Amino acid sequence: MNIHEIVESQRRFFRTGATLPVSFRREMLRRLLDAVNRREAEIGAALAADLGKSGYESFMCETGLVRGEISWMLRHVGRLARERTVATPLAQFAARSFQRPSPYGSALIMSPWNYPVLLTLDPLADAIAAGNTAVVKPSAYASATSALLAELIGECFPPEYVAVVTGGREQNAALLEERFDFVFFTGSQAVGREVLRHTAERLTPAVLELGGKSPCIVDETARLPLAARRIVFGKYLNCGQTCVAPDYILCHSSVKDRLVELLCGEVRRQYGENPLENPDYGKIINEKHFHRLLGLLDREKTVLGGQSSPESLQIAPAILDTVTEDDPVMQEEIFGPILPILTYDRFEDLYDRLADRPKPLALYLFSEDRPRIREAMDRLQFGGGCVNDVVIHLATSAMGFGGVGESGMGAYHGRAGFEAFSHDKSIVDKKTWMDLPMRYQPYQKKLYGRLLHMFLR
């Protein structure tokens, strides 16, 4: 089937009502979970081919999290799908008011290359749990994983229910010309704007998971050895190709030199003296991205790493010191293994300093000053984040994950994911054994005054 035929077949299938029973949704989620479990080794091999991911990292950051999201939905979908009774105003007596979650219909899920399994199957699980059909479009850059996902999903579901469309820009453009009931996109801001332009033309609801320059603040009270260890883990995970990776550090000037020393030590401890020979260290997705990252490396400011191999598309974890806001590395999201360090003198100045930047997808603060932490979490604008850690906030289905401003719109995971792919119908079930006359003409003005007094007191 071509793309238009796929979309139309899903519309017809959705209209049958087959996706609505919770029992059906649970069965489809079980199929998906069983397939992920069964093909764990194949998934790992595909991720290794595309991104050089180790088996451990593939489980920790991809299949393990997918299993968690599907399992969460299996446990909670019955509760989430139930209608919820709400209070009925006295003026509507006698009636029952309730909200009933309703799937949108046919959903388009467009996923990126950096976590191609996680960022494809997590939103798919949410879409299935909410009762939708789905067209899935994985990234062509992760070609081995995309091919495997097409095979895996094709074994689980008929195309009139869930279908995979592979390919590049031509297929993306064709999908965006179709009329979907909901669009879920994860990727760059540039492509996100194009997606939003198309959805706006049709007034199609959408969730956009984008990115941005996520700051990591380290104040003078932070436990520096632990901060360095956790920052190095989160920054260089997947070679920095993580949308919520710490993009740059804002460090209090009094502890900057010590932090740089500790960061360099942690890179050596976690990745070895020659990271390019570390079998668990991955690679950059393609040559274009590889050369873009090399262009951001200022050799005069590089205090550690930055060695590269064009043959393996690898760049060693790099740390840049004495970086300023005007440096090229601060003009765009890095999305690679390059960590610039900037300084500040007064924490209060950071509020204006960060407010002048686009709202980031994530923000991290290392501090032992609890009043400062509370104030910063209130005043700073960001999608989500951590205190005294990095990246782990997206690893739970108990909280929604999403951006704000230029870093995205909407959220998913767990309840937030179910709600993203659902519309709450608000319904009043009016009883027929009583019919109050005061709303009908001819209006009784004396009665109006009494009612006004009754309802406004």
Response to the item:
At the level of C-alpha centres, the distance separating the stretch 331-396 and the stretch 217-242, in angstrom, is 12
Worksheet item: List the GluC sites (Glu not before Pro) in the stretch 223-324 that DSSP assigns to loop (not H, G, I, E or B) and whose Cβ has at most 13 other Cβ atoms within 10 Å. Which are they?
Response: E273, E300, E311
Fill in: Restricting the stretch 280-325 to trypsin sites (Lys or Arg not before Pro) in coil, as DSSP defines it, with at most 12 other Cβ within 10 Å
R299
Fill in: Highest-first arrangement of 161-168, 113-120, 17-24, where packing means the average Cβ count within 10 Å
113-120, 161-168, 17-24
Practice prompt. Using only the Cα atoms, work out Rg/Rh for the chain, with Rh taken as the Kirkwood radius, to two decimals.
Written response: 1.05
Worksheet item: If each of V22 and R357 carries a label point 7 Å out from its Cα toward its Cβ, how far apart are those two points in nm?
Response: 4.4
Response to the item:
Here the percent of antiparallel bridges among DSSP beta bridges lying wholly in the stretch 1-141, to the nearest 5, is 40
Worksheet item: Which semi-axis lengths, in whole Å and largest first, follow from the square roots of five times the eigenvalues of the Cα gyration tensor of the stretch 261-328?
Response: 20, 18, 8
Worksheet entry | Above-threshold pairs, the threshold being 32 Å between Cα atoms, out of K213/K425; K53/K137; K137/K430 | K213/K425; K137/K430
Worksheet entry | 3J(HN,Hα) from dihedral phi, the stretch 261-270, Karplus parametrisation 6.51/-1.76/1.60, rounded to Hz, x for glycine, proline | 4, 5, 4, 4, x, 5, 4, 5, 5, 7
Worksheet item: For G384, which sequence-distant residues (separation of 5 or more, or a different chain) have an amide H within less than 5 Å of its own amide H, given hydrogens modelled in the peptide plane?
Response: A362, L363
Worksheet item: Can you list the HN-Hα couplings for the stretch 103-108, worked out from phi with the Karplus curve (6.51, -1.76, 1.60; θ = phi - 60°), rounded to whole Hz and with x for Gly and Pro?
Response: x, 5, x, 8, 10, 9
Fill in: Value in Å of the Kirkwood radius, where the stretch 215-402 supplies the Cα pairs that are averaged
16.7
Practice prompt. Consider just the alpha-carbon atoms of the stretch 1-62 and return their Rg together with their Dmax, both in angstrom.
Written response: 16.7, 43
Response to the item:
Listed by chain and number, the lysines with an alpha carbon less than 29 angstrom from that of K431, same-chain partners under 8 positions apart left out, are K445, K446
Worksheet item: Among 169-180, 89-100, how do they line up from the highest to the lowest mean number of other beta-carbon atoms within 10 Å?
Response: 169-180, 89-100
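Computed from the coordinates by the stated procedures, all read-outs in this text should not be read as laboratory data. Bear in mind that the values here come from a model prediction, so they are computed numbers and not experimental data. As a convention, Cβ positions derive from the backbone with ideal geometry for all residues, glycine included, and neighbour counts pool all protein chains shown.
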